[in-house]
Amino acid sequence: MILIKNIKELIGIRVDKKIMIKGKEMSELQTIKDAFLLINKNKIENFGKMSDLNFSNENCEIIDASGKMVFPSFCDSHTHLVYAGSREIEYSDKIRGLSYEEIAKRGGGILNSAKLLHETSENELFTQSLKRINEIIKQGTGAVEIKSGYGLNTIDEIKMLRVIRRLKETTPIIIKSNFLAAHAFPMEYKNNQDEYVDLIINEMIPLVATEDLADYIDVFCDKGFFSTTQTERILMAGLKYGMRPKIHANELAKSGGIQVGVKYNALSVDHIEYTGDEEIEVLLNSETMPTILAGAAFFLNMPYAPARKMIEAGLPLAFASDYNPGSSPSGNMKLINSFACVNYKLLPEEAINATTMNTAYAMGVSDIVGSITKNKIANIFITKEISTIQFLPYAYGSDIIDTIILNGKIISE
Ligand code: NIG
Ligand code: FE
């Protein structure tokens with residue numbers, strides 16, 4: 001057992017059964033000042049005001065959190081953190097003026113990562129990816145979704161998914177896997193793109209399902225990538241095997257991706273820079289979480305999604321990192337909170353809800369993490385001594401985390 005006592009402020013308490021937070025409620029972040037939190041095995045057993053603490057157990061580890069705050073760990077519902085090498089050469093090309101689409105057309109971008117991944121052994125890929133997992137754990141993330149999509153052929157896609165499975169088995173962070181062979185068209189299918197879609201449907205999906213390697217299925221449904229018709233075919237094929245969609249949509253244009261996602265009851269539609277009234281209307285009548293990838297929009301200098309308008313229309317919003325080598329080489333969710341506030345005008349309370357409860361929903365784990373709730377898994381972090389909740393997004397370059405607890409255990413360096 002672990003008892004954290006004298007907590008200056010315990011953040012993100014939820015006692016209701018809501019699985020996501022919408023509209024006006026996004027600015028409500030319930031907290032308790034001068035609090036305790038009791039962890040038993042891997043679960044949150046109890047919490048409350050220090051004055052109500054009535055507990056003694058000699059075998060209990062006690063942490064004195066005077067001056068410090070406790071937050072539920074961040075959930076990062078969209079990453080591509082299993083990849084080989086890096087792509088900073090393209091970073092320079094971008095600075096010189098080439099766009100993301102132009103780099104992709106030259107065989108750079110995703111295809112470049114696919115080539116590198118092909119040349120990298122499964123073991124080496126695991127080692128590189130594990131480093132990134134350990135990095136995001138230190139930055140406060142307690143649950144992460146990871147996609148395939150740098151394989152782009154059957155063997156390499158399976159290789160990626162096996163690495164994700166090994167990460168699930170060996171790390172304390174909660175992991176969900178997402179099958180994204182429809183990330184880009186390989187060069188050899190440039191002139192017969194539908195044949196690549198056939199390969200995904202007829203060969204890859206059944207194999208992935210046989211090994212039970214994917215929780216979700218994804219398509220990059222956008223201008224210059226997969227059309228809405230191709231997306232529908234792939235989503236239908238995945239759904240037959242129980243893979244719920246979580247898709248890339250409307251990053252480069254009003255591609256119809258949001259509508260397709262909602263039509264197939266996607267858990268989330270992500271990027272969504274190009275969101276207008278029509279898309280908002282469709283989302284309002286759905287169970288799909290609109291998810292903004294603020295790191296990618298920042299890194300690629302994209303237009304920002306109309307976050308305020310969406311919240312004011314009554315929608316929920318999630319913010320995830322998109323950690324990947326091309327458009328967002330960082331999985332730092334605290335920084336995503338800062339981007340959410342500065343670039344999208346979210347209040348700090350809204351940003352925290354958008355990166356904990358709502359991202360938990362967007363990766364299908366809001367019943368077990370995402371808030372301080374009795375019986376949820378004890379995935380939390382204790383801050384250093386900080387003044388207010390607002391300090392978290394405000395101090396955008398500072399490491400404010402002191403202690404990390406995942407699955408009820410203190411994570412040591
Ligand atoms: O989410 N938009 C599509 N895919 C990734 C980028 C992957 C890459 O460039 O390697 C994204 O931004
Ligand atoms: Fe992505």
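The table below lists the values:
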{"item": "Residue in the stretch 20-38 that is most open to solvent (accessible area, probe 1.4 Å), counting only those that are under 17 Å from SER73 (Cα atoms) and part of a loop (DSSP other than H, G, I, E, B)", "result": "GLN30"}
{"item": "Tabulated pairs, the stretch 320-345, first within 13 Å of ligand 2 (Cβ to nearest atom), second among the charged types (D, E, K, R), C-beta under 6 angstrom, 6+ apart or interchain", "result": "ALA320/ASP76; SER321/ASP76; PRO325/ARG87; GLY326/ARG87; SER328/ASP322"}
{"item": "Pairs, first small (Gly, Ala, Ser) in the stretch 289-306, second crowded, with 20+ Cβ neighbours inside 10 Å and modelled with pLDDT under 95, C-beta under 7 Å, six or more apart", "result": "ALA296/SER327"}
{"item": "So VAL163, is it modelled with pLDDT of 95 or more and within 15 Å of ligand 2 (Cβ to nearest atom)", "result": "no"}
{"item": "Residue list for the stretch 290-315, filter: more than 15 Å from the chain's Cα centre (by Cα) and more than 14 Å from ligand 1 (Cβ to nearest atom)", "result": "PRO303, TYR304, PRO306, ALA307, ARG308, LYS309, MET310, ILE311, GLU312, ALA313, GLY314, LEU315"}
{"item": "Qualifying residue in the stretch 148-161 (condition: under 30 Å from ALA354 (Cα atoms), of a type in the set (Val, Ile, Thr), part of a helix (DSSP H, G or I) and in contact with a Leu (Cβ under 8 Å, 6 or more places away or on another chain))", "result": "no"}
{"item": "Qualifying residue in the stretch 290-304 (condition: more than 16 Å from ligand 2 (Cβ to nearest atom), under 22 Å from LEU235 (Cβ atoms) and either of a type in the set (Asp, Glu) or touching a Leu at 6+ places or on another chain (Cβ under 7 Å) (or both))", "result": "no"}
{"item": "The one condition in (1) among the acidic types (Asp, Glu); (2) in contact with a strand residue (DSSP E or B) (Cβ under 7 Å, 6 or more places away or on another chain); (3) on the phi < 0 side of the Ramachandran plot that ASP93 fails to fulfil", "result": "(2)"}
{"item": "Test result for ASP16, open to solvent by 50 Å² or more (accessible area, probe 1.4 Å), among the acidic types (Asp, Glu), without any contact (Cβ under 8 Å) to a residue 24 or more places away in the chain and within 25 Å of MET357 (Cα to Cα)", "result": "yes"}
{"item": "Close pairs from the stretch 109-132: first within 16 Å of ligand 2 (Cβ to nearest atom) and aromatic (Phe, Trp, Tyr), partner part of a helix (DSSP H, G or I) and open to solvent by 30 Å² or more (accessible area, probe 1.4 Å), Cβ under 9 Å, at least 6 apart", "result": "none"}
{"item": "For ILE62: the one exception among (1) among the aliphatic types (A, V, I, L, M); (2) modelled with pLDDT of 95 or more; (3) open to solvent by 40 Å² or more (accessible area, probe 1.4 Å); (4) assigned by TED's automatic domain parsing to the domain that holds LYS190", "result": "(4)"}
{"item": "Count - residues of the stretch 91-108 that are in contact with a helix residue (DSSP H, G or I) (Cβ under 7 Å, 6 or more places away or on another chain) and within 16 Å of ligand 2 (Cβ to nearest atom)", "result": "2"}
{"item": "Residues of the stretch 74-85 satisfying the condition of being more than 16 Å from ligand 2 (Cβ to nearest atom) and closer than 20 Å to THR120 by Cα", "result": "ALA84, GLY85"}
{"item": "Cβ pairs under 7 Å, 6+ apart, first in the stretch 74-91 and closer than 12 Å to GLY326 by Cα, second open to solvent by 10 Å² or more (accessible area, probe 1.4 Å) and in a helix (DSSP H, G or I)", "result": "LEU81/ARG132; ALA84/LEU116; ALA84/GLN128; GLY85/LEU116; ARG87/ASN112"}
{"item": "Residues of the stretch 39-64 classified as assigned to a strand (DSSP E or B) and under 15 Å from LYS8 (Cα atoms), total", "result": "5"}
{"item": "Residues satisfying the stated conditions in the stretch 174-193, i.e. farther than 30 Å from ILE405 by Cβ and surrounded by 13 or more Cβ atoms within 10 Å (Cβ to Cβ)", "result": "PHE179, LEU180, ALA181, ALA182, HIS183, ALA184, PHE185, PRO186, TYR189, GLN193"}
{"item": "Of all residues in the stretch 80-127 being of a type in the set (S, T, N, Q) and surrounded by fewer than 16 Cβ atoms within 10 Å (Cβ to Cβ), the one that is nearest to ASN301 (Cα to Cα)", "result": "SER99"}
{"item": "Set GLU350, GLU279: member being acidic (Asp, Glu), more than 30 Å from TYR150 (Cα to Cα) and away from ligand 1 (no atom under 16 Å from the Cβ)", "result": "GLU350"}
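Table: residues versus (1) of a type in the set (Phe, Trp, Tyr); (2) touching a strand residue (DSSP E or B) at 6+ places or on another chain (Cβ under 7 Å).
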residue: ARG233; (1), (2): no, no
residue: MET236; (1), (2): no, no
residue: TYR241; (1), (2): yes, no
residue: HIS248; (1), (2): no, yes
residue: LEU252; (1), (2): no, no
residue: GLY256; (1), (2): no, no
residue: LEU267; (1), (2): no, yes
residue: ASP270; (1), (2): no, yes
residue: GLY276; (1), (2): no, no
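The values are calculated or read from the model by the stated rules, or taken from the named source; none is laboratory data. Remember, it's a predicted structure, so these values are computed and weren't measured experimentally. Counting neighbours? That spans all protein chains shown, and the Cβs are built from the backbone with ideal geometry, glycine included. In case anyone asks, the SASA skips ligands and DNA or RNA and just uses the protein heavy atoms, side chains included. Shrake-Rupley method; radii C 1.70, N 1.55, O 1.52, S 1.80 Å.
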